[in-house]
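The values are calculated or read from the model by the stated rules, or taken from the named source; none is laboratory data. Predicted model only: the values in this text are computed from it and were never measured. All Cβ positions, glycine included, derive from the backbone under ideal geometry; neighbour counts span all protein chains shown.
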């Protein structure tokens, strides 16, 4: 089947259809839970959300808990209606209001910077931070206006990480995903490399750490390892698209041969806070 050009209307429609099927497939979630190789063609032509969402969901537990979505990556009706979110005291933290709001489902919204979270110590049982930490200290004006334009403050993510650890309860889990490969300043974010990732883990000081890597290729996404992902490059043309919403000619974009829409590798980390 032919793949639509990344970030076109056709791509967005296919992306949502595929994501909805993936996150509701127990067999796929089981593959993520035990780190098995994925079916051939998984997420071919799609961005890393087809890895990040099922990986995160495979590590969530049903039942009551205090869950923080740090960055609002989960703020979609087709995600929040999943049974695993039922009964949770869920907060979504983001810089500015968004088009969709699920307050009717008992979800609370916090508009704040991750570097200064307005919650008490140890409040959350679990935190999901999906492709968000890499944006801290970079140009977030596209998402939240000119007040949030910064220029490549490489280590600012550590301030956010300190806050995430502070509001996490002892024994609680931080489920974290990041674009991974060769270090790149992407203007609105940075791509983490092995050095930066090691600094992140050391800065958090987890009692337990689990690292899983996935790599994008012509046949979609597949389970990989850190060494095999070390030279992965971000689809740089996509940055121009993200920085010029509504003003970028997608039909003329110099799309890469593998149709990579964004990252070509992703690191998924489960960090457990000590007692």
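General observations
- With respect to (1) at pLDDT below 95; (2) within 17 Å of residue 96 (Cα to Cα); (3) over 17 Å from the mean Cα position of the chain (by Cα); (4) part of a loop (DSSP other than H, G, I, E, B), the lone exception for residue 188 is condition (3).
- Verdict on residue 65 being modelled with pLDDT of 95 or more, over 18 Å from the mean Cα position of the chain (by Cα) and within 21 Å of residue 204 (Cβ to Cβ): yes
- Any hit, region 84-96, residues being loosely packed, with under 15 Cβ neighbours inside 10 Å and either within 20 Å of the chain's Cα centre (by Cα) or part of a helix (DSSP H, G or I) (or both): yes
- Count of region 201-235 residues, restricted to those that are in contact (Cβ under 8 Å) with a residue 60 or more places away in the chain and in a helix (DSSP H, G or I), is 2.
- Among the residues making up region 237-252, a single one is farther than 19 Å from residue 49 by Cβ, touching a residue at least 40 places away in the same chain (Cβ under 8 Å) and exposed (fewer than 15 other Cβ atoms within 10 Å of the Cβ): 251.
- Candidates 74, 60, 79, 68, filtered to the one that is assigned to a loop (DSSP other than H, G, I, E, B), in contact (Cβ under 8 Å) with a residue 40 or more places away in the chain and crowded, with 19+ Cβ neighbours inside 10 Å: 74
- Test result for residue 121, in contact (Cβ under 8 Å) with a residue 12 or more places away in the chain, in a loop (DSSP other than H, G, I, E, B) and closer than 27 Å to residue 265 by Cβ: no
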